[in-house]
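A short write-up of the structure that comes next.
The values are calculated or read from the model by the stated rules, or taken from the named source; none is laboratory data. Remember, it's a predicted structure, so these values are computed and weren't measured experimentally. Heads up, the Cβs are rebuilt from the backbone with ideal geometry, glycines too, and the neighbour counts pull from every protein chain shown. These area figures cover heavy atoms from the full protein model, side chains too; ligands, DNA and RNA do not enter into them. Shrake-Rupley method; radii C 1.70, N 1.55, O 1.52, S 1.80 Å.
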Amino acid sequence: MLPVIILALQNRRIGPLVLRRFLEYGETDLKRQELELGRSRRRLRVGTLSRSDRLAVHHYFELERRSLHAFNLALRKLEEYLQQPQETSLEQALLQYETGERFRKKRLKSRVKFPPKLSEKMARAA
């Protein structure tokens with residue numbers, strides 16, 4: 001959704017009110033996802049995992065944490081644009097969004113490589 005918002009801002013089709021609403025929604029959504037990440041991480045830690053499984057799961061959660069951080073930075077850049085409308089803020093926001101998407105893609109790739117038992121535990125933890 002962020003690339004659509006940025007394109008609309010560049011074409012002057014939306015104003016500050018719509019951007020402010022989008023930022024509010026984005027912040028609450030990111031907070032919810034961070035809470036879910038912490039909960040699923042704790043649920044999975046309760047189960048006994050082998051060392052290799054723990055390393056794989058740690059990598060998986062680290063990629064998710066990095067993607068959420070990149071999305072948060074993108075929202076901060078949009079807030080910066082709201083304060084001082086400069087095209088560089090929009091470019092940086094889009095770059096951070098793309099970085100977050102790359103981390104999500106890597107996270108999904110790593111999940112596909114999980115053994116079936118670990119994948120089942122991950123599904124239950126989520």
| request: Could you please tell me which pairs satisfy a Cβ distance under 8 Å, a separation of 6+ or placement on different chains, a first residue in segment 1-16 that is in a helix (DSSP H, G or I), and a second residue that is of a type in the set (D, E, K, R)? | output: GLN10/GLU87
| note | Scanning segment 39-57 for residues that are assigned to a helix (DSSP H, G or I) and surrounded by 12 or more Cβ atoms within 10 Å (Cβ to Cβ) gives ARG39, SER40, ARG41, ARG43, LEU44, ARG45, ASP53, ARG54, ALA56, VAL57
| Out of all the residues in segment 76-126, which are under 20 Å from the mean Cα position of the chain (by Cα), part of a helix (DSSP H, G or I), under 15 Å from HIS58 (Cα atoms) and in contact (Cβ under 8 Å) with a residue 24 or more places away in the chain? | PHE103, ARG104, LYS106, ARG107, SER110, ARG111, MET122, ALA125
| said: Given the criterion of a type outside the set (A, V, I, L, M, F, W, C) and over 30 Å from GLU120 (Cβ atoms), identify the matching residue among ARG54, ARG39, ARG21, ARG45. | reply: ARG21
| task | Go through (1) over 19 Å from SER119 (Cα atoms); (2) crowded, with 18+ Cβ neighbours inside 10 Å; (3) more than 10 Å from the chain's Cα centre (by Cα); (4) not hydrophobic (A, V, I, L, M, F, W, C) one by one and return the number of the condition ARG32 breaks. | result | (2)
| said: I'd like to check something: does segment 68-77 contain any residue that is open to solvent by 100 Å² or more (accessible area, probe 1.4 Å) and not aromatic (Phe, Trp, Tyr)? | reply: no
